[in-house]
Amino acid sequence: MLGRTTLILFLSVALLGGFIWWVERKTESTAKQQEWARQAIRMDPDKISKLSIVSEDVQMVCEKTDQHWLITSPVKTRADEGEIESFLNELSYLPRHEVITAGQQQKKRLARQDYGLDAPRVKIVLEDAQRKTTLLIGRNAPLGSSLYMMVEEQGDMVVTDTNFLSKLPHAVVDWRDRRVFRGFPGAVTRLEVRRTDGYVQLAKAQPDHWMIHKPIVTRASQETAQKMLEELFDVKIEEFVADTFAAASLYGLDEPVAQVSLTTTEESAEQGLLLGKSVEKQTNLVYATWPGSEAVFAVKQDILSTLKFKIEDVRDRRLLTLSAYDVGSVKLEEGERSLRLQRDQQGAWEVTEPKRYKADEERVNMLLGEWLGARIETFLDDAGTNAAEWGFDAPKRAVTF
């Protein structure tokens, strides 16, 4: 009897759950249909993978590859993803004020030219994995800020708002990406700089912990590395010069003044930049390009100042990298004598060598402040590695944290 009751309860719960799911699904479907009924175009901006625009001002094709938008015609270059996504979102929210179906047009003996659709002022083609949608933009409607638009595959004519026209590009350059580097400074894991006077490589060993690997292996200043990356990501393209540089020597890009290479966690490929000559009559700009690209553009010359650093400027000048909170013990040695300070589980300091007693907290904190705040004044990398020469084979004093 108990098993039968349990089975009945289980079936009841299953049926109730199924009923709730069916009601919610139906409600969601109805809401979606109502939303679509209010929209001029049925589209999902996130699923669009190809966009073509033909107007009096511009003819261009954009395609999404590896989650990034590219302009593929009339030139092949990176696109301003923000502009394209903003335009697609604007299209997706266009309201449907009135619809004149193909049947109604035929019944009323209306032709495309009656709406300015025989020679549309703009033709927009949207493509996703399932379908292609062609939008023909006609003349403005007699009343209000509205216009006539036709979805060519359906033949229906729709009256909608004109506000999306302001998002249309007037030239290819309007939708070209002016960022030199994609992503964010915090996502960079490696930075390489090649100049005529040498090569520097920095790599992030762990979050917020930069190391110099070339020309020497040592700690890097976290603040300096971060500032340099922020300045690099702030660089924008000021002018688009050419889409090919067959004569690279004209721009100084055959023997670049400096090269930058970045590796990030967000981009699948390494990002780079080559810097050439100063732009004629605009000495505040220099020619630049991306490795493997034919595009030539100009950026502000300030980037050369960012890259013209000495290795000493990037090195970490902190004597110790610990924080006062991380220090659990300090041992000071001078000859045969030693003094050891230990922090207990409650965080209080005590002397444990040469004998145990409570330490003066204020003086211990002053000691830690002096040592942890100490800065390296001069690096002596060329002084040799003979420990005896500097007295490190038998040091007078030693401090261990």
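The values are calculated or read from the model by the stated rules, or taken from the named source; none is laboratory data. Here the structure is a predicted model, which means the values were calculated and not measured. Neighbour counts run over all protein chains shown; Cβ positions are idealised from the backbone, glycine included. Areas reflect the complete protein model, heavy atoms only, side chains present, ligands, DNA and RNA absent. Shrake-Rupley method; radii C 1.70, N 1.55, O 1.52, S 1.80 Å.
Just the number, please: carbon plus sulfur as a percent of the accessible area of the chain, 1.4 Å probe, no ligands or DNA/RNA counted.
50 percent
Where only protein heavy atoms count, and the probe is 1.4 Å, what is the accessible area per residue for the stretch 178-264 in Å²?
51 Å²
Taking a ≥ b ≥ c as the square roots of the eigenvalues of the Cα gyration tensor of the stretch 281-327, is the shape rounded (a/c under 1.5), prolate (a/b larger than b/c) or oblate?
In terms of gyration-tensor shape, prolate.
Looking at the chain as a GNM with Cα springs under 10 Å, which of GLN271, GLN345, GLN226 has the largest mean-square fluctuation?
GLN345
Per residue, how much accessible area does the stretch 288-401 show when a 1.4 Å probe rolls over the protein heavy atoms, in square angstrom? Walk me through the numbers before you get to the answer.
On the way: 7940 Å² over 114 residues.
That works out to 70 Å² for each residue.
Cut-off 10 angstrom, C-alpha nodes, Gaussian network model of the chain. Which of ALA79, ALA348, ALA269 fluctuates the most?
Comparing ALA79, ALA348, ALA269 in the GNM, the peak value goes to ALA348.
For the stretch 163-232, take every pair of Cα atoms, bin their distances at 5 Å starting from 0, and report each bin as a whole percent.
Reading the bins upward from 0: 3, 13, 21, 17, 12, 8, 6, 7, 7, 5, 2, 0.
Counting other Cβ atoms within 10 Å of each Cβ, which chymotrypsin sites (Phe, Trp or Tyr not before Pro) in the stretch 67-123 have at most 16 and sit in a DSSP loop? Show your work: numbers first, answer last.
On the way: sites: TRP69, PHE87, TYR93, TYR115; in loops: TYR93.
Taking the stretch 67-123 and a limit of 16 other Cβ atoms within 10 Å, the loop chymotrypsin sites (Phe, Trp or Tyr not before Pro) found are TYR93.
In terms of modelled amide H atoms, which long-range or inter-chain residues lie less than 5 Å from the amide H of GLU239?
Residues meeting the criterion, in which the H sits 1.01 Å from N, are ALA298.
Can you give me the angle between helix 81-92 and the longest principal axis of the chain, using Cα atoms only, in degrees from 0 to 90, rounded to the nearest 10?
On a 0 to 90 degree scale, this one is about 30.
Convex hull volume of the Cα atoms in the chain, per residue, in Å³?
Spelled out: Cα convex hull of the chain, divided by residues, is 306 Å³.
Considering the options HIS213, GLY82, THR306, tell which one lies farthest towards the positive end of the dipole of the chain, charges being +1 on Lys and Arg and -1 on Asp and Glu at the Cβ, about the Cα centre.
Value: GLY82.
For labels at GLN201 and GLU266 in the simple 7 Å Cα→Cβ model, what's the distance in nm?
Computed distance between label sites GLN201 and GLU266 equals 2.5 nm.
Angle check, please: helix 361-372 long axis (alpha carbons) against the longest principal axis of the chain (alpha carbons), in degrees 0 to 90, nearest 10.
It works out to around 70 degrees.
Taking a probe of 1.4 Å, how large is the accessible area per residue of the stretch 52-106, in Å²?
On the way: 2960 Å² over 55 residues.
Accessible area per residue: 54 Å².
If you take the beta carbon distance between LYS50 and ILE311 as r and set R0 to 56 Å, what does 1/(1 + (r/R0)^6) give as a FRET efficiency, to the nearest 0.05?
It comes out at approximately 0.75.
Dipole magnitude of the chain about its Cα centre, charges +1 at Lys/Arg Cβ and -1 at Asp/Glu Cβ only, in debye to the nearest 20?
1200 debye
Per the Kirkwood formula on distinct C-alpha pairs, the Rh of the stretch 56-154 is how many angstrom?
About 15.5 Å, per the Kirkwood formula over Cα pairs.
Check which residues have an amide H placed less than 5 Å from LEU285's amide H, if you skip close sequence neighbours.
Close amide H contacts, sequence-distant or interchain: VAL279, GLN301.
Can you compute 3J(HN,Hα) from phi for each residue in the stretch 347-354, using the Karplus curve 6.51 cos²θ - 1.76 cosθ + 1.60 with θ = phi - 60°, rounded to whole Hz and x for Gly and Pro?
Listing the rounded values in order: x, 8, 8, 9, 8, 10, 9, x Hz.
Modelling each spin label as a point 7 Å along the Cα-to-Cβ direction, I'd like the GLU255/LYS76 distance in nm, to one decimal.
Simple spin-label model gives 3.1 nm for this pair.
Would you be so kind as to identify which of TRP371, LEU339, ASN386 lies farthest towards the positive end of the dipole of the stretch 332-391, taking Lys and Arg as +1 and Asp and Glu as -1 on Cβ and the Cα centre as origin?
LEU339
Classify the stretch 302-401 as rounded, prolate or oblate from the Cα gyration tensor: take a ≥ b ≥ c as the square roots of its eigenvalues, call it rounded if a/c is under 1.5, otherwise prolate when a/b beats b/c and oblate if not.
Because a/c hits 1.5 or more and a/b fails to exceed b/c, the stretch 302-401 counts as oblate.
For the chain, modelled as a GNM with alpha-carbon contacts under 10 angstrom, which of LYS107, LYS214, LYS310 fluctuates the most?
Of LYS107, LYS214, LYS310, the most mobile in the Gaussian network model is LYS107.
Please identify which residues in the stretch 356-380 have an amide N closer than 16 Å to a label point set 7 Å out from the Cα of ARG219, following the Cα→Cβ vector.
Correct set: 368-380.
By how many degrees, between 0 and 90 and to the nearest 10, does the Cα long axis of helix 222-234 differ from the longest principal axis of the chain?
Taking Cα atoms only, the helix is inclined about 20 degrees.
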